[in-house]
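Okay, so here's the structure we're looking at.
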Amino acid sequence: MHHCPLVAILRGVTPDEIEGVADVLVQTGFSMIEVPLNSPDPLVSIGKIARRYGDTVLVGAGTVLSVAEVEAVRDAGGGLIVSPNVNPAVIAHTAQLGLVSLPGYATPTEAFAALEAGAHGLKLFPAEAASPAVLKGQLAVIPRNIPVFAVGGVTPQTLGDWMAAGAAGAGLGSALYKAGASVQDVEYAARDFMSEVHRLLD
């Protein structure tokens, strides 16, 4: 997050595409990449990124729903576990393995349950079903040292609103990458997001 507060969510990416897409993202400034487990052969893609970039990129899986999946991601070389829900067993096991846990939540009750289980950060999901105002209200009670990401429907045009409300960063899905997108399309989208990040942080 010190390098870039954005997580690239590559839902639908294939192992044949992953290195070209990841290269463009890293060259643009991204340092966190998520391959959802409902993508084709996601563990292969995660392994390729882990071997290619080592500790310079935090790579992991999204849509992680079970303890067994946590272990599979770890074995593939992933260090980031992202879930759409608050599953205390998944969160606790992730933390026990020394991986980064980033579960999805919608309410303060879910947020505190995730933190009690050992979550390192939280993702407000789907962010498009809430609003920056909702996030701002939640952050009045969520501990300030916990990074909260807005995930779901975030675009270069709305990123500033989420950051102004207190989001530590954002997870970027279809506005950054759609299944089958060309490397050039990803590069253009990545540059749009990074330009906005630089504007917000300057």
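The values are calculated or read from the model by the stated rules, or taken from the named source; none is laboratory data. Quantities reported herein were computed from a predicted structural model and do not represent experimental measurements. All Cβ positions, even for glycine, are placed from backbone atoms using ideal geometry, and neighbour counts span all protein chains on display. Each accessible area value is taken on the protein alone, full model and side chains, heavy atoms only, with ligands, DNA and RNA left out. Shrake-Rupley method; radii C 1.70, N 1.55, O 1.52, S 1.80 Å.
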Residues satisfying the stated conditions in region 43-93, i.e. of a type in the set (Ser, Thr, Tyr) and within 19 Å of residue 114 (Cα to Cα): 63, 66, 83
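Go through region 113-154 and give me each residue that's over 14 Å from the mean Cα position of the chain (by Cα) and surrounded by 17 or more Cβ atoms within 10 Å (Cβ to Cβ). It would help to see each step written out before you state the result.
Within region 113-154, the first condition is being over 14 Å from the mean Cα position of the chain (by Cα), and the residues that meet it are 113-118, 128-146.
Residues satisfying the conditions are 113, 114, 115, 117, 130, 132, 135, 138, 139, 142.
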The conditions are (1) closer than 22 Å to residue 70 by Cα; (2) open to solvent by 40 Å² or more (accessible area, probe 1.4 Å), and residue 171 fails exactly one of them. Which is it? (2)
Output for Cβ contacts, cut-off 8 Å, separation at least six or different chains, first residue open to solvent by 100 Å² or more (accessible area, probe 1.4 Å) and in a helix (DSSP H, G or I) in region 191-202, second at pLDDT 95 or above and not aliphatic (A, V, I, L, M), reads 191/28; 199/160
Output the residues belonging to region 1-26 that are within 20 Å of residue 159 (Cβ to Cβ) and free of Cβ contacts under 8 Å to residues at least 24 places away in the same chain. 2
Here are the criteria: (1) among the aromatic types (Phe, Trp, Tyr); (2) under 23 Å from residue 177 (Cβ atoms); (3) open to solvent by less than 40 Å² (accessible area, probe 1.4 Å). Tell me which single one residue 105 does not satisfy. (2)
